[in-house]
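For reference, the structure discussed in these notes is given below.
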Amino acid sequence: AQSVTQPDIHITVSEGASLELRCNYSYGATPYLFWYVQSPGQGLQLLLKYFSGDTLVQGIKGFEAEFKRSQSSFNLRKPSVHWSDAAEYFCAVGWGTGANNLFFGTGTRLTVIP
Amino acid sequence: DGGITQSPKYLFRKEGQNVTLSCEQNLNHDAMYWYRQDPGQGLRLIYYSQIVNDFQKGDIAEGYSVSREKKESFPLTVTSAQKNPTAFYLCASSRYEQYFGPGTRLTVT
């Protein structure tokens, strides 16, 4: 069965430090991969997506993610975190019909300290 | 300015009452979705619609109903049969990737 795992419930980083948020999925077929960000009480904003091609994808706000098929992972990275990056981050994965049936991870809450 | 609107942002109802949440999009997307979000549980799919006059149940459809009479609109009704309706509800639409509205926080007492 398909599932998406974000192993870190909460991460705290210092402003200016690098960030990596983990996302793993189960199921063998080639996935469609997404990262979303959510500020408190708001909707989700799409950060980046992977459909095919180059496995390192660039997104908005200086984020990037790398698809590693051998590890069933799609980790999100940022070289230098800003205080405004504090939010909740969700990984989502789709199979077959792409965006039409997404499986979401349970989210990682990012706290940024000065 | 294209996007997805959800209204109202906050909604309060008494137990036993049905309530309808609005979702409108002007992105010309065929597909629309309703999700429920509870703390620590991520997003769970309630219903989705890939085309006008057609919709399918998601993982947690019990106690909810929807309609899709127009491409732009996908209202969600939370019925009195929903045992724990207090939650944050998110609407989305898609062509290739899903875009989300700002959400409606429903509180039932």
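All but one of (1) in contact with a Leu (Cβ under 6 Å, 6 or more places away or on another chain); (2) closer than 16 Å to residue A:13 by Cβ; (3) without any contact (Cβ under 8 Å) to a residue 24 or more places away in the chain hold for residue A:57, so report the exception by its number.
Tallying (1) in contact with a Leu (Cβ under 6 Å, 6 or more places away or on another chain); (2) closer than 16 Å to residue A:13 by Cβ; (3) without any contact (Cβ under 8 Å) to a residue 24 or more places away in the chain, residue A:57 fails exactly one: (2).
Could you check residue B:19 against (1) of a type in the set (A, V, I, L, M); (2) out of contact with any Gly (no Cβ under 8 Å at 6 or more places or on another chain); (3) surrounded by fewer than 18 Cβ atoms within 10 Å (Cβ to Cβ) and say which number it fails?
(3)
Pick from the range B:92-109 the residues that are part of a loop (DSSP other than H, G, I, E, B) and within 29 Å of residue B:16 (Cα to Cα): which of them is farthest from the other protein chains (Cβ to nearest Cβ)?
It comes out as B:109.
Show me the strands (runs of 3 or more DSSP E) found entirely inside the range A:13-114 where at least 2 residues are open to solvent by 20 Å² or more (accessible area, probe 1.4 Å) and farther than 30 Å from residue B:51 by Cα.
A:56-58, A:64-68, A:73-78, A:108-113
Those residues that are of a type in the set (Val, Ile, Thr), open to solvent by 40 Å² or more (accessible area, probe 1.4 Å) and within 14 Å of another protein chain (Cβ to nearest Cβ), I need them from the range A:1-12; list them, please.
Passing the criteria: A:5, A:9.
Could you check the range B:45-78 and list, in sequence order, the residues that are open to solvent by 70 Å² or more (accessible area, probe 1.4 Å), more than 12 Å from every other protein chain (Cβ to nearest Cβ) and part of a loop (DSSP other than H, G, I, E, B)?
B:53, B:62, B:69, B:72
Could you check the range B:30-44 and list, in sequence order, the residues that are within 16 Å of residue A:38 (Cα to Cα), of a type in the set (D, E, K, R) and more than 9 Å from chain A (Cβ to nearest Cβ)?
Selection gives B:36, B:38.
I'm checking my understanding of the structure. Among residues of the range B:79-109 that are open to solvent by 10 Å² or more (accessible area, probe 1.4 Å) and of a type in the set (Val, Ile, Thr), which one is farthest from residue A:46 (Cα to Cα)?
B:109
Among A:25, A:36, A:50, which is touching a Cys at 6+ places or on another chain (Cβ under 9 Å) and either β-branched (Val, Ile, Thr) or farther than 30 Å from residue B:9 by Cβ (or both)?
Values: A:36 fails: either β-branched (Val, Ile, Thr) or farther than 30 Å from residue B:9 by Cβ (or both); A:50 fails: touching a Cys at 6+ places or on another chain (Cβ under 9 Å).
Just a single option satisfies the conditions, and that option is A:25.
The values are calculated or read from the model by the stated rules, or taken from the named source; none is laboratory data. All of these numbers come straight from a predicted model, not from anything done at the bench. All Cβ positions, even for glycine, are placed from backbone atoms using ideal geometry, and neighbour counts span all protein chains on display. Surface areas here come from the heavy atoms of the whole protein model, side chains and all, with no ligands, DNA or RNA. Shrake-Rupley method; radii C 1.70, N 1.55, O 1.52, S 1.80 Å.
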